[in-house]
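Data first, discussion second: the structure below is written as structure tokens.
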Amino acid sequence: MINENFFNMLKQQDADVYSEEPMSKHTTFHIGGNADCFCEVKNISSLKNIIYLCKEYAVPYFIIGLGSNLLVADDGIRGLVIKLGGEFNSITLLEDNYIRCGAGVSLARLCVFARKISLSGVEFAWGIPGSVGGAVYMNAGAYEGEISQIVDSAAYIDSNGNSKKYSGNELKFSYRNSVFTNTDNIITDVTFKLEPKPQELITDRMQELMDRRKAKQPINHPSAGSIFKRPGKNIYAAALIEECGLKGFSIGGAEVSTKHSGFIVNDHNATAKDVKALIEHIQKIVLEQKGIKLCCEVKFIG
């Protein structure tokens, strides 16, 4: 239960504020119970004020991007969920082929913006249904590309509301990991360094990758993207799952995709409980049959 004074103070900030907001509306899985409180904040000043309020009233908070790579519990999320809107959705071309993006910008918008000005490097992200902030947080990647290859720096707010920035090796990128992973730091904007390339070549590459996604991934079904991390070099979770005969296996409304075994899809009103049970079943069978422990890429919330 959210403190009434906290809720009233929150509504005085430059943010859209909602109580008992269904998180199924904000995740690509279309799964999740209600958040006690949900707000879309419009600028850094208000974000800092909201963090101060959360600390003052001892309200836990969680930052959400576009809701990919998340599984929200059926009972929802206690505390405040913060979505970055307003100025966090801005994109600016800087000099010398640098682009600065607010953390709330979708990867799709970044790809389109870069193509329009004939800058290359982000094509691999075309079709990844996430935000810039989320991509940097987990070093998102696909088709031999990773966000780490193009990030110059990332500005953030720490848990005390101070504005700071990481650049270069300070970002500590590794496979599906960064300096931000499992911290309370909030990425606010990211600067990318890209390379000039003819627009038609960028378009061709984006189309090629989208065609590959459509052919191999269940993009027309609600999912959180790839469920498991790659367990080792040249070892792929999807292949292991399929070899174990789990392609198409389902629990409740959650199903191992018949198109790509690395995906679990919300096939028929799946609950978070269904998905979690299916994940645990896959891990158990793969460990028994292959001797390999699959680790989740998806983050469990609530």
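Looking only at residues that are in contact with a helix residue (DSSP H, G or I) (Cβ under 9 Å, 6 or more places away or on another chain) and in a strand (DSSP E or B) in region 162-177, which one is surrounded by the most Cβ atoms within 10 Å (Cβ to Cβ)?
N177
List pairs: first residue in region 195-218 and of a type in the set (K, R), second residue assigned to a helix (DSSP H, G or I) anywhere in the structure, Cβ distance under 8 angstrom, at least six positions apart or on different chains.
What qualifies is R205/E123.
Which is in contact with a Pro (Cβ under 7 Å, 6 or more places away or on another chain) and not β-branched (V, I, T), of R78, R109, R115, R100?
Exactly one residue qualifies, and that residue is R78.
In region 80-99, how many are surrounded by fewer than 17 Cβ atoms within 10 Å (Cβ to Cβ) and more than 19 Å from the chain's Cα centre (by Cα)?
The qualifying residues number 6.
Spot the failing condition for S106; the list is (1) hydroxyl-bearing (S, T, Y); (2) surrounded by fewer than 19 Cβ atoms within 10 Å (Cβ to Cβ); (3) closer than 26 Å to S163 by Cβ, and only one is missed.
Every listed condition holds for S106 apart from (2).
Out of all the residues in region 253-274, is one or more touching a His at 6+ places or on another chain (Cβ under 9 Å), farther than 30 Å from F62 by Cβ and surrounded by fewer than 20 Cβ atoms within 10 Å (Cβ to Cβ)?
Taking every residue of region 253-274 in turn, at least one turns out to be touching a His at 6+ places or on another chain (Cβ under 9 Å), farther than 30 Å from F62 by Cβ and surrounded by fewer than 20 Cβ atoms within 10 Å (Cβ to Cβ).
Filter region 217-246 for residues that are in contact with a strand residue (DSSP E or B) (Cβ under 6 Å, 6 or more places away or on another chain) and part of a loop (DSSP other than H, G, I, E, B) and give the result.
P218, H221, P222, I227, L246, listed by residue number.
Quick check on my filter: what residues within region 52-74 are touching a residue at least 60 places away in the same chain (Cβ under 8 Å) and under 21 Å from the mean Cα position of the chain (by Cα)?
F62, I63, G65, L66, S68, N69, L70, L71, V72, A73, D74
Answer yes or no: is there a residue in region 138-149 that is under 24 Å from L47 (Cα atoms) and among the acidic types (D, E).
Looking for residues that are under 24 Å from L47 (Cα atoms) and among the acidic types (D, E), one finds none in region 138-149, hence no.
Residue-by-condition table, conditions (1) surrounded by 12 or more Cβ atoms within 10 Å (Cβ to Cβ); (2) part of a strand (DSSP E or B); (3) under 19 Å from the mean Cα position of the chain (by Cα):
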{"residue": "D152", "(1), (2), (3)": "yes, yes, no"}
{"residue": "Y156", "(1), (2), (3)": "yes, yes, yes"}
{"residue": "N160", "(1), (2), (3)": "no, no, no"}
{"residue": "V179", "(1), (2), (3)": "yes, no, yes"}
{"residue": "T183", "(1), (2), (3)": "yes, no, yes"}
{"residue": "D189", "(1), (2), (3)": "yes, yes, yes"}
{"residue": "I202", "(1), (2), (3)": "yes, no, no"}
{"residue": "R205", "(1), (2), (3)": "yes, no, no"}
{"residue": "E208", "(1), (2), (3)": "yes, no, no"}
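Could you tell me which residue of region 111-148 is nearest to I187 (Cα to Cα), considering only residues that are among the hydrophobic types (A, V, I, L, M, F, W, C) and not in a helix (DSSP H, G or I)?
A140
Is region 233-254 home to any residue that is of a type in the set (K, R) and under 18 Å from F29 (Cβ atoms)?
no
For region 53-74, check the following and say yes or no: at least one residue is among the small types (G, A, S) and modelled with pLDDT of 95 or more.
Checking region 53-74: at least one residue is among the small types (G, A, S) and modelled with pLDDT of 95 or more.
Search region 275-292 for residues that are in contact (Cβ under 8 Å) with a residue 40 or more places away in the chain and pair each with any residue that is assigned to a helix (DSSP H, G or I) and crowded, with 17+ Cβ neighbours inside 10 Å when their beta-carbon atoms are under 7 Å apart and the residues are at least 6 apart or on different chains.
Taking only residues 6 or more apart or on different chains, the pairs are I282/I241; V286/L240; V286/I241; K290/L240; I292/L240; I292/V286.
Checking C111 against (1) closer than 29 Å to D14 by Cα; (2) in contact with a strand residue (DSSP E or B) (Cβ under 8 Å, 6 or more places away or on another chain), which single condition isn't satisfied?
Unmet for C111, out of (1) closer than 29 Å to D14 by Cα; (2) in contact with a strand residue (DSSP E or B) (Cβ under 8 Å, 6 or more places away or on another chain): (2).
Name the residue, out of N220, N234, that is on the phi > 0 side of the Ramachandran plot, surrounded by fewer than 17 Cβ atoms within 10 Å (Cβ to Cβ) and not hydrophobic (A, V, I, L, M, F, W, C).
N234
The values are calculated or read from the model by the stated rules, or taken from the named source; none is laboratory data. Please read these numbers as outputs of a predicted model, since none were measured by experiment. Because the Cβ atoms are built from the backbone with ideal geometry, glycine has one as well, and the counts that use them run over all protein chains shown.
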